[in-house]
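What follows is a set of notes on a single structure, which appears directly below.
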Amino acid sequence: MEKEALKTLEFSRITELLQQESGSVLGKEMARAVLPSSDFEEVQERMHQTAEAVRVYQTAAPPLGGIRDIRQLIKKVKLGAVLDAAEITDVMNTMYAMRNIKRFFKELEADAPILKNWAKSIEILGQLERNIENTIDEHGAIRDDASVELRRIRREAKSSQARIKEHLSSVLHSQEYQKYFQDAIVTIRDDRYVVPIKQEYRQYFPGIVHDQSASGSTLFIEPMAVVNLNNDVKQLLLAEKRELERILRALSQQIEKNKDVLLANCQLMALVDFTFAK
């Protein structure tokens, strides 16, 4: 159809409405790109699809939430990049959406052969789902038990941090040092536990200066007694960072291996989303 005719018919207003009703980025893209067809069979097929969606809506609303646009993430892993926990969570949420849509149409009693066939074609990646679930929690944080090594590192780090806090607490409550403190609190500078000491008492308090207040009246000092413990924590934090990198790389590689299935599933979900938007 000629562009001028579409403009006269205000066809863009139709596609705008379709985009508003679509719940996913991919669905919105299909809505934005749709054009009238002069092919009778194609038009008939499109109308059958929409009629099925109407029948389904008369029974129940399909679970179309949680569909993320993961195409850029797939491109990243194809290039060998490592996804962070939030990005992998987006992949996980999209796989949950795939599972929900597939289950919905499997249990649906309404007559919707086209939509059911699309849903049936969605391939569930159960092993990848389980691997991600066993690694990343519902808040998007990497679980302590994501690996034996990570559990060990975090346990040792917590133990060392507890010893530092215990020692610093005794320092803060010592009558000998009370007048030295700007505030009786423990804080952190450069991943090291420090205490705030008044500038005029610097020479009486042995330790390493890591920072000072804007006014210069307070110095943040690491007491010599906890330097070795702080060194241990620093090393453990670096070890944790390396282990997290290894874990995320392994998951990213698994996602890369399943990229074709993930993209095909996303296309099927976009079709479902777009059809219900119509």
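The values are calculated or read from the model by the stated rules, or taken from the named source; none is laboratory data. Just so you know, these numbers come straight off a predicted model, no measurement behind them. Neighbour counts are summed over all protein chains in view; Cβ atoms, including those assigned to glycine, are modelled from backbone coordinates with ideal geometry. Surface areas here come from the heavy atoms of the whole protein model, side chains and all, with no ligands, DNA or RNA. Shrake-Rupley method; radii C 1.70, N 1.55, O 1.52, S 1.80 Å.
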Could you state the principal axis extents of the C-alpha atoms in the chain, from the largest down, to the nearest angstrom? 92, 44, 37
Assuming 0.36 nm per residue, please report the length gained on full extension of the stretch Met47 to Ile208 beyond their Cα-Cα distance. 50.4 nm
On Cα atoms only, tilt of 227-257 relative to the major axis of the chain in degrees: 10
Listed by chain and number, the lysines with an alpha carbon less than 27 angstrom from that of Lys3, same-chain partners under 8 positions apart left out, are Lys28, Lys278
Please report the spacing between the Cα centers of segment 215-278 and segment 161-206 in Å, no decimals. 33
Segment 231-278: mean projected area of Cα convex hull, nm²: 4.7
Rg/Rh (Cα only; Kirkwood hydrodynamic radius) as it applies to segment 51-210: 1.29
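Ordering Ser22, Ser170 by how much accessible area each has at a 1.4 Å probe, largest first, what is the list? Mind showing how you got there, number by number?
Values: Ser22 5, Ser170 65 Å².
These residues rank, largest area first, as Ser170, Ser22.
Heavy atoms only, probe 1.4 angstrom, no DNA, RNA or ligands counted: give me His48, His167 ranked by accessible area, highest first.
The ranking, largest first, comes out as His48, His167.
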For every helix of n ≥ 4 consecutive DSSP H residues, a contribution of -39,500 (n - 2.57) applies; sum these over the chain, divide by its total residues, and give [θ] at 222 nm rounded to the nearest 500 deg cm²/dmol. -19500 deg cm²/dmol
Rounded, prolate or oblate: which fits segment 1-121, taking a ≥ b ≥ c as square roots of the Cα gyration tensor eigenvalues, rounded meaning a/c under 1.5, else prolate when a/b beats b/c? oblate
Only loop residues by DSSP count here, and only those with at most 11 other Cβ atoms within 10 Å; note down the GluC sites (Glu not before Pro) in segment 129-164 that meet that. Glu138
In segment 10-52, which GluC sites (Glu not before Pro) fall in coil by DSSP and have 15 or fewer other Cβ atoms within 10 Å? Glu10
Would you kindly find the accessible area of Phe205, with a 1.4 Å probe and non-protein molecules such as ligands, DNA and RNA excluded, rounding to the nearest 10 Å²? 10
Using each residue's phi in segment 58-69, evaluate 6.51 cos²θ - 1.76 cosθ + 1.60 at θ = phi - 60° and report the 3J(HN,Hα) Karplus result to the nearest Hz, with x for Gly and Pro. 6, 9, 6, 8, x, x, 9, x, x, 7, 9, 8
Considering only protein heavy atoms and a 1.4 Å probe, what is the carbon-and-sulfur percentage of the accessible area of segment 97-237? 46
Taking just the alpha carbons, could you work out the radius of gyration and Dmax for segment 128-278, both in angstroms? 23.9, 77
Could you pull out every one of the lysines with an alpha carbon less than 24 Å from that of Lys234, ignoring same-chain neighbours closer than 8 positions? Lys158, Lys165
